[in-house]
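All remarks here apply to the structure that follows.
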Amino acid sequence: MIVAGLGFRRSAATEEIVTLVKLALVRAALPQDALAKLGTIEALADLPAFTEAAHRLAIPAIAVGERDLSSAAPRVRTQSARSLAAHGVGSVAEAAALAAAGPGATLVLGRIASTSVTCALARPETAP
């Protein structure tokens, strides 16, 4: 199971989100059917572009709360000054992916970006 975490501008289009998620899967050498969830911060989770992207990808859209985002912050690889100032994490996409994948999750692919969207992939912790 793979979770795609997203950060995006409110003006981002559904197609840009879907395209970047698919590109992330290709870069991580993962099939599209490995994707199980799409996550982002609560402030963006109800926007039509996000919910429609999840619908097009046939996966649930997950809103990540501030507490879960903060808990994932130490495991984030990317440190964007803009993201830190606005959301308290170095990468919304990476933190959202990690938080939505659950405690102990690891990044499979660090943040990649298009014009208005960032995406990262995480995998839940696997049993020993």
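Checking the conditions here, which among A58, A12 is farther than 11 Å from A100 by Cα and touching a helix residue (DSSP H, G or I) at 6+ places or on another chain (Cβ under 6 Å)? The unique qualifying residue is A12. All conditions in (1) at pLDDT 95 or above; (2) more than 16 Å from L121 (Cα to Cα); (3) part of a helix (DSSP H, G or I); (4) not basic (K, R) hold for V21, with the sole exception of (2). Which one is modelled with the highest pLDDT among residues in the stretch 69-89 that are crowded, with 21+ Cβ neighbours inside 10 Å and part of a loop (DSSP other than H, G, I, E, B)? Of everything passing the filter in the stretch 69-89, V76 is modelled with the highest pLDDT.
A single member of R67, R27 is basic (K, R) and over 14 Å from V108 (Cα atoms), and it is R67. Considering R56, R10, the condition of being out of contact with any strand residue (DSSP E or B) (no Cβ under 9 Å at 6 or more places or on another chain), assigned to a helix (DSSP H, G or I) and farther than 25 Å from E125 by Cβ is satisfied by R56 alone.
Being part of a helix (DSSP H, G or I), of a type in the set (D, E, K, R) and touching a residue at least 40 places away in the same chain (Cβ under 8 Å) is a property that E94 has. The set of residues in the stretch 52-68 that are hydrophobic (A, V, I, L, M, F, W, C) and surrounded by fewer than 17 Cβ atoms within 10 Å (Cβ to Cβ) comprises A58, A63. Being surrounded by fewer than 21 Cβ atoms within 10 Å (Cβ to Cβ) and aliphatic (A, V, I, L, M) is not true of A12. Residues that are of a type in the set (G, A, S) and free of Cβ contacts under 8 Å to residues at least 24 places away in the same chain within the stretch 46-60 comprise A54, A58, listed in sequence order.
The values are calculated or read from the model by the stated rules, or taken from the named source; none is laboratory data. Keep in mind that what you see is a predicted model, and the values were worked out from it rather than measured. Please note: Cβ atoms are built from the backbone with ideal geometry, for glycine as well, and neighbour counts cover all protein chains shown.
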